[in-house]
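Heads up: the structure comes next, in structure tokens.
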Amino acid sequence: MNGTATGLRPYALRCDHRTTPLGIGGRTPFLSWRLAADDDAPRGTAPAAYRVEVTPDDDSHAGWDTGRVEDPEAIGVVYAGPALRPRTRYHWQVTVWTADGAEGRERSWFETGLDAGEWRASWIANDWTAVEVVDPPEEGERALDAHGLLPCPLLRREFSASTAPVRARLYVSARGLYEMRINGRRVGDGELTPGWTDYRHRVQYQTYDVTALVREGGNVLAATLADGWWSGYVGFEPRRPGAHYGGFPQFIAQLHLDYADGSSQVIGTDERWRTSDGPIRYADLLMGECHDARRAAGGWDEPGFDDRDWPAARVADTGTDTLVPSVDEPVRALGELPAAAVTRIGPEAHVVDFGQNFAGRVRLTVRAPRRGQRIVIRHAETLDDDGGLYTANLRTAAATDTLITGADTVVFEPRFTYHGFRYAEVTGLAELNPGDVTGVVLHSDTPRAGTFDCADPAIRRLHENITWGQRSNFVSVPTDCPQRDERLGWLADAQVFLPTACLGADVAAFFTKWMHDVRDAQGPDGGFSNVAPRLAGVADEGAPGWGDAGVLVPWHLYRVYGDERFLADSLDAMCAWVDFVHRHNPDLVWRHKVGPHFADWLSIGRPTPREVVATAYFAHSAELTARAARVLGGDQADRAERYSALARDVRAVFTARFAGPDGRIEGDTQTAYLLALAFDLLPDDLASHAARRLAALVEEAGPGLTTGFLGVGLIAPVLDRWGRADLVHALLRRTRRPSWLYPLRHGATTIWERWDGYTEEHGFQAPAMNSFNHYALGSIGEWLYQGLAGLDQAPASVAYRELVVRPRPFDGEPFWAEAAYDSARGRIAVRWRQDDDGFRLDVTVPPGATATVHVPGDDHAAVREGEHPAGESPGVEFVGIETAATGGKTLVYRVESGDYRFFARRTG
Ligand code: BGC
């Protein structure tokens, strides 16, 4: 709803970075908004003040009103009103005024969850003694035997409602995975809920508005459970392949019904629930799912089903201390891929190509089957030379789904597993119609934020591959890969990819949740881990660049989203990590407590010395910790001083130990220079030498890159910052191995784990470690937006307050590129085209932001903006000419918010 006015419109209202969340836990949520200018608003229309009003749904208690706050930079406010009550909906509205008094307004709401003390439910589980575990040894069930997986329990409880409730809320979670139904209808659309956390510390519960599902009279609550991350297979550790947190799934739910007469009713999980096994004979994230339709207990999730034979559920635990409300959106089915091709490979065997590597599963329609027909779906990222599935790189992940049909047509889609694949082999069907198979794309619901496109179809495809890599690997936690027996929240992978991820999607809530995982995984000595959620026995002690994600990630999130709580929530953990490294390395060269030191993982050729990598990260983490403390100010000021001094000292030691007088860095590798330059470790004179040496190494290599995971995300920004966008262009367009475009030659639709995952000479890399869907090397995505398209914020800017628009056109070549990004402040767009006429640059700057715009060239007189010479155009100020290290010149303009169309006529 808009207010009276013209000027500005608040939109995209968020509470804790989510749209109208149900069941929030924090008592001081962050309420934020973005701004758009009305079409007729003049340039430079900017916010001057805001007011936020929060009122409870039922007027039962006082709300909160900030009153008018003069703050032109605000994009949100942390709630500071009277204590929020549990299970209460709050409406809120924000009003924004421009300096000349025009106002815009928008409303939204959020709802609080259960207070921790309100749980009346217990964790319940199947009575395993009553379950027939081993099926007849038919082929499909052998997997069950081999992997020791148990059938998925069904749980049900009937209850009666005196009348239809005016409000019904269901609070629900599982140790394992759950799918919930009321009266036969699915509750919510989350998948793989409640998601993965270190369940020993925290189990997220979800809140659902089920008012429309509960009716007067008989009702039934029905749940299906699966092992998931709790008791299923996770990771690769042969000594501990599964059951990391528990031995069998458990379930907890509490339904609150409010009636019109003011009365209420609460139904929780207890031994009054009944349980049985059902058609899902097993379901596992790595192994797959087996569904025996012959065992379907028709109507079990509807009232009136005869469950007298079902044993009572067993109370497994009554402790609810670990339950916390979800802070992120769940995984959802967020896309569908039709079959691009179906190829018959045998009498009852077909291979389906979905045309895209992704994470998800197959939905298959089987029409009028024979009873007991066994249909097996196997998954693979790629094919071998004979056109069959190449599954060696999945390692022990069976990634096989089985359907045993009843007599009826069935639409089969496994519910408690997912796979990373492009190809599916379907056996057991004589005919397979392309229309009967669909790829269902699953990932954590992180709304798309950015778009990028450019004239070069290969670079466009690279960007698509990066986007698919992100989708496939943001599945409850940021994983390294979606296909093999791993799928872990590796910290370095996440930190190197984060800048790209933030441009691709709104990941604020997703990473809020994961930072809880990272902090949960921190040891009592301050050491961060390598993976989060932590898995007992998997590479516990954080390696340089891995553990440091605990510092780098919150800092970057703060810069992108402007929410200081990213820093406040992590500052103690950041300090503890830096102290930990410092304590064990008092001479400031980080050699002790380096965990499994992965160095510049998967780099090419000469390795970067381990101490160089580690000490660079030590300095950087100390520096960012100091900055975080400085932002928070107040009683953190001392810490800012302390860590800033430490960072200075580590930088000095780095320079003294590893840098020569000519700027050469020990190891003389690309990544050694990249770390030193990206983290500003060297004094200015040495830095320029080091930058030249870096450029020389890149040139000597082809131009080419030799970077691994830690170096790869830095190479474009660093070369560019030192005036060598030309080299970045060369690296970007290179198609020989190693390069970003090389995998495209082999049909890549995602980013490969390794530069040489497949080569003409040797075929597939060793299957022990060869994922075709790892995002780390896709961290070049950041530069596609910030460099090639030119959409960036200034180094000291937060939440895109000060934009820098500086396209990096290829030297003299006709080209175009564009990027748009829904920032925390509003929508930013950049589009440029270089052709024979000259250079065109369209820019949209959101209200409240300003931009420095660079137009290539040095002839200010040849530049127009819209209808005017650029210097006379309203809202545009000419600043001067900037010369890059390599001589390229740009005309620099300052602009306020609004839409601009620059055109630099080609001269000379
Ligand atoms: C993972 C990586 C991870 C690495 C640690 C691998 O198995 O797939 O992406 O960062 O181990 O070096």
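In terms of the mean number of neighbouring beta-carbon atoms within 10 Å, the peptides 882-889, 474-481, 13-20 order highest first as 474-481, 13-20, 882-889. What FRET efficiency would be calculated for the residue pair A701, T396, taking the C-beta separation as r and a Förster radius of 45 Å, to the nearest 0.05? In this case the efficiency is close to 0.75. Of the accessible area of segment 541-591, computed with a 1.4 Å probe over protein heavy atoms only, carbon and sulfur atoms account for 49 percent.
Of the residues V876, A532, A701, the one whose Cα sits farthest toward the positive end of the charge dipole of the chain, with +1 on the Cβ of Lys and Arg and -1 on the Cβ of Asp and Glu, is A701. Evaluated at q = 0.09 Å⁻¹, the base-10 log of the normalised Debye intensity for the chain, with identical point scatterers placed on the Cα atoms, takes the values -1.00. Straightening the chain between D408 and E877 buys 161.7 nm, computed as 0.36 nm per residue apart minus the Cα-Cα spacing.
Applying the criteria of a DSSP loop state and at most 13 other Cβ atoms within 10 Å to the trypsin sites (Lys or Arg not before Pro) of segment 722-809 yields R736.
Assuming 1.306 mPa s and 10 °C, estimate D for segment 285-338 with Stokes-Einstein, Rh taken as the Kirkwood radius over Cα pairs, in µm²/s.
95
For segment 507-626, the spherically averaged projection of the C-alpha convex hull amounts to 7.6 nm².
Given N residues in segment 158-283, what is its alpha carbon radius of gyration divided by 2.2 N^0.38 Å?
On the way: Rg = 16.2 Å, N = 126, 2.2 N^0.38 = 13.8 Å.
Dividing the Cα radius of gyration by 2.2 N^0.38 Å gives 1.17.
Pairwise Cα distances in segment 569-726 exceed 18 Å for 58 percent of all pairs.
For segment 142-211, give the percent of accessible area contributed by carbon and sulfur heavy atoms, probe 1.4 Å, rounded to a whole number. Ligands and nucleic acids excluded, carbon and sulfur give 45 percent. Return the carbon/sulfur percentage of the accessible area of segment 346-399, one whole number, probe 1.4 Å, all protein chains in place. Accessible surface attributable to carbon and sulfur in segment 346-399 totals 46 percent.
The residues of the chain have, on average, 35 Å² of accessible surface per residue, using a 1.4 Å probe with all protein chains present.
Once Rh is set to the Kirkwood radius over Cα pairs, what Stokes-Einstein translational diffusion coefficient, in µm²/s, holds for segment 759-908 at a temperature of 37 °C and a viscosity of 0.692 mPa s? Provide the component values of the computation, followed by the final result.
Values: Rh = 16.7 Å.
For these conditions, the coefficient is 196 µm²/s.
Across segment 375-424, the fraction of Cα-Cα pairs farther apart than 18 Å, rounded to a whole number, is 37%.
Can you show me the helix-derived [θ] at 222 nm for the chain, built from DSSP H runs with n ≥ 4 at -39,500 (n - 2.57) apiece and divided by the number of residues, rounded to the nearest 500.
Details: 14 runs with 187 residues, N = 908.
It lands at -6500 deg cm²/dmol.
As a rough guide to protection, the peptides 808-816, 351-359, 569-577 ranked by mean Cβ packing within 10 Å, highest first, stand as 351-359, 569-577, 808-816. Amide H to amide H distances under 5 Å link V324 with V203, Q204, Y205, where only residues 5 or more positions off or on other chains count and H is placed in the peptide plane. What whole number of Å gives the distance from the Cα centroid of segment 796-822 to the Cα centroid of segment 9-42? That distance is 26 Å.
Using a probe of 1.4 Å, the accessible surface attributed to L334 totals some 70 Å² when neighbouring protein chains are kept in position.
Quick one: plug the Kirkwood hydrodynamic radius of segment 397-497 (C-alpha pairs) into Stokes-Einstein at 37 °C, 0.692 mPa s, and report D in µm²/s. The partial results should precede the final answer.
Numbers: Rh = 16.5 Å.
Stokes-Einstein gives a translational diffusion coefficient of 199 µm²/s.
Residues in segment 255-268 carry Karplus couplings, in order, of 9, 10, 10, 10, 9, 4, 7, x, 7, 8, 9, 10, 10, x Hz; the curve used is 6.51 cos²θ - 1.76 cosθ + 1.60 with θ = phi - 60°, and Gly or Pro positions show x.
Can you compute the charge dipole magnitude of the chain about its Cα centre, using +1 on each Lys and Arg Cβ and -1 on each Asp and Glu Cβ, nothing else charged? Give it in debye, rounded to the nearest 20. Write down the numbers at each step before the final one.
Numbers: 95 positive and 126 negative charges, 73 e Å.
About 360 debye.
DSSP finds beta bridges in the chain, and of those with both partners inside it, around 95 percent are antiparallel.
Each Cα pair under 8 Å and six or more residues apart adds its sequence gap; the mean of these over the residue count of segment 462-536 is a relative contact order of 25 percent. Once the dipole of segment 524-659 is set up with Lys and Arg at +1 and Asp and Glu at -1 on Cβ about the Cα centre, which of G633, V653, T608 lies farthest towards its positive end? Sorting the options by dipole projection puts first T608. Projecting the Cα atoms of A116, L488, P338 onto the charge dipole of the chain, computed from C-beta unit charges around the Cα centre, puts L488 farthest toward the positive end. Amide H contacts of H291: R281, T402, L403, I404, each under 5 Å away and 5 or more positions distant or on a separate chain (H built 1.01 Å from N in the peptide plane; Pro and chain starts excluded). Modelled spin-label separation between D662 and A312, with each label point placed 7 Å from Cα along the Cα-to-Cβ direction: 8.3 nm.
Short-range pairs are left out: with C-alpha atoms under 8 Å and at least six residues apart, the relative contact order of the chain is 10 percent. Distance between the modelled labels on E464 and T28, one decimal in nanometres: 4.7 nm (7 Å Cα→Cβ projection).
About its Cα centre, the dipole of segment 201-348 is roughly 500 debye, where the only charges are +1 on Lys and Arg Cβ and -1 on Asp and Glu Cβ.
When you count, for each residue, the other Cβ atoms within 10 Å and take the mean per peptide, how do 559-568, 298-307 rank with the highest first? All intermediate terms of the calculation are to be shown ahead of the outcome.
Values: 559-568: 22.2, 298-307: 15.3.
Top of the packing list down: 559-568, 298-307.
Karplus-derived 3J(HN,Hα) values for segment 775-780, using 6.51 cos²θ - 1.76 cosθ + 1.60 with θ = phi - 60°, are 8, 3, 5, x, 5, 5 Hz; glycine and proline are entered as x.
Computed about the Cα centre, the dipole magnitude for segment 632-759 is approximately 500 debye when only Lys and Arg (+1) and Asp and Glu (-1) carry charge, each at its Cβ.
Database remark: amide H of D480 closer than 5 angstrom to the amide H of R487, L488, W490 (H placed geometrically; neighbours at sequence offset of 5 or more, or on other chains; Pro and chain starts carry no H). For segment 161-233, the list of GluC sites (Glu not before Pro) that fall in a loop by DSSP and count at most 16 other C-beta atoms within 10 angstrom reads E216. Applying the criteria of a DSSP loop state and at most 12 other Cβ atoms within 10 Å to the GluC sites (Glu not before Pro) of segment 52-134 yields E132. Applied to segment 288-295, the Karplus parametrisation 6.51 cos²θ - 1.76 cosθ + 1.60 on θ = phi - 60° returns per-residue 3J(HN,Hα) values of x, 10, 10, 10, 9, 5, 5, 9 Hz, with x for Gly and Pro.
The values are calculated or read from the model by the stated rules, or taken from the named source; none is laboratory data. The shown structure was predicted, so the numbers you read here are calculated from the model rather than taken from an experiment. Note that each Cβ is placed from the backbone with ideal geometry, even for glycine, and that neighbours are counted across all protein chains shown. Ligands, DNA and RNA are stripped out before the accessible areas are found, and what is left, the full protein with its side chains, is counted by its heavy atoms. Shrake-Rupley method; radii C 1.70, N 1.55, O 1.52, S 1.80 Å.
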